[in-house]
Structure formats: structure tokens, C-alpha cells
Amino acid sequence: MHFQQILKEYLELHGYWVLFLGTFLEGEAILLLAGFLAFQGYLNVLGVICTAWAGSFLGDQFYFYLGRFKGRGLLKRFHSIARKFREALKLIEKYGNFVAFISRFTYGFRIVLPIILGITDLAPRTFLWINLASALTWAIVFSLGGYLFGKSASLVLDNVNNYEHYLVLILLGFIIMAWCIHAYHVRQLKKPARERLARMQALHASRRINS
């Protein structure tokens, strides 16, 4: 049996479960890839959108209720969540309930924001409806992003199937490059704070030596 046929049968059988788990956790990269595979005919684009919608929606519902019932304990136990707590509160103060919509589009706060929203007094029913709309928007945008990537490639290449392995690598390269650029930008924004902290630590150390 041809390799592509084996791959198609495997993805039709297991691909949606992998996509669901990936989008439950985070999943922009896997969703873009699934969109491209839908263009290639390995998956159904409507099935990709619905699976990603379900995984993303249920994921944020889980994190919201995790924050509702265990949030304060998580703040004490996990420093990474506690460090982002103040920044998240500033976003909530600035944008209000709209933060619940954009949370899955924010790098570094994808999982933390729903947890923190669960700690606040945001009504669960309000979060549910906002989360439904946000998850659907996110699923459509990133699914079609991967699909249109394949569509664009088909306008340049005579037979996309002959180059699909290279196209997958290019798509993953774009994702990694975007992640690195964003991470560098975030690091540069935090650079003044790190420098102030380093000066404070140096001053504290010098006072201890002098005393």
C-alpha cells in the first residue's frame, strides 16, 4: 500500500483525537498543520474546525473551573502562575470581559488567563458564552490559515503532493520563527525590569558586604 494512503487512513482514524488533545492544551501549531492536511485531503476541513472548537472550548472551561476551585492554591504552589497574576489582572482591568475572548490569542497567557479569570468574580455563564465564540473564532482562523497555506502553494507548484514533506517543514519553520520573534520581543520588553532587579540585587549584596 502506498505511504500516502497509509498516512491518510491513519489520520482519518486517529488524527482528530490528536488534534483534540493538542487544542485542549494549546495547539496553534497542530491546528495550522491540520488545516494544511485538510487541504491535502487527509482530513476534512469542517471536521478540523469542529474538533479544534471542541478541544479549545473544553480546555478553557477546564482551566476556568480549575481557577474557580483551586486557583488560590495554584498561585501559592506555582510561581510561574503567580508571576503572571499581576500582569493578567492589568489586562482584565483594561479590557474587562473581553480578556476572556482574546485569552487564547495571547502568547504566554493561553492557559494562565482562564485560570485567573476563574479566580475573579466573572460569572461562569458569561465565560461560557464568551469562550464558545472565542474558541470558534480561533478554530476557524488557524484552520483556514493552514488550509490557505496549502492553497497558496498549489498556485505555485504543479503537484503539491510531490512537495508536501517540504511544505510541512516550511510551515513548521514559519511557526517556530514566529514563536522566536515573539519570544524575543517579550524578552526585550522585560529587559528594563531585569536590569532594575539586577541593580537591586547588586546593591543589596554590597550592603551586606559593607555591614
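The values are calculated or read from the model by the stated rules, or taken from the named source; none is laboratory data. These numbers were taken from a predicted model, which means no experiment stands behind them. Cβ placement follows ideal geometry from the backbone for every residue including glycine, while neighbour counts extend to all protein chains displayed.
What to note about this one:
- With respect to being under 20 Å from GLY146 (Cα atoms) and modelled with pLDDT of 75 or more, TYR107 falls outside the description.
- For the range 123-157, taking the residues that are aliphatic (A, V, I, L, M) and at pLDDT below 85, the one that is nearest to ARG86 (Cα to Cα) is identified as ALA153.
- Within the range 96-156, helices (runs of 4 or more DSSP H) holding 3 or more residues that are exposed (fewer than 15 other Cβ atoms within 10 Å of the Cβ) and over 13 Å from the mean Cα position of the chain (by Cα): 124-156
- Criterion violated by GLY59 - all others in (1) touching an Asp or Glu at 6+ places or on another chain (Cβ under 9 Å); (2) outside any helix (DSSP H, G or I) satisfied: (2)
- Matching residues, the range 83-124, being among the basic types (Lys, Arg) and within 16 Å of LEU58 (Cβ to Cβ): ARG104, ARG110
- Candidates ILE81, ILE92, ILE30, ILE119 - the one that is within 30 Å of SER152 (Cα to Cα) and at pLDDT below 85: ILE30
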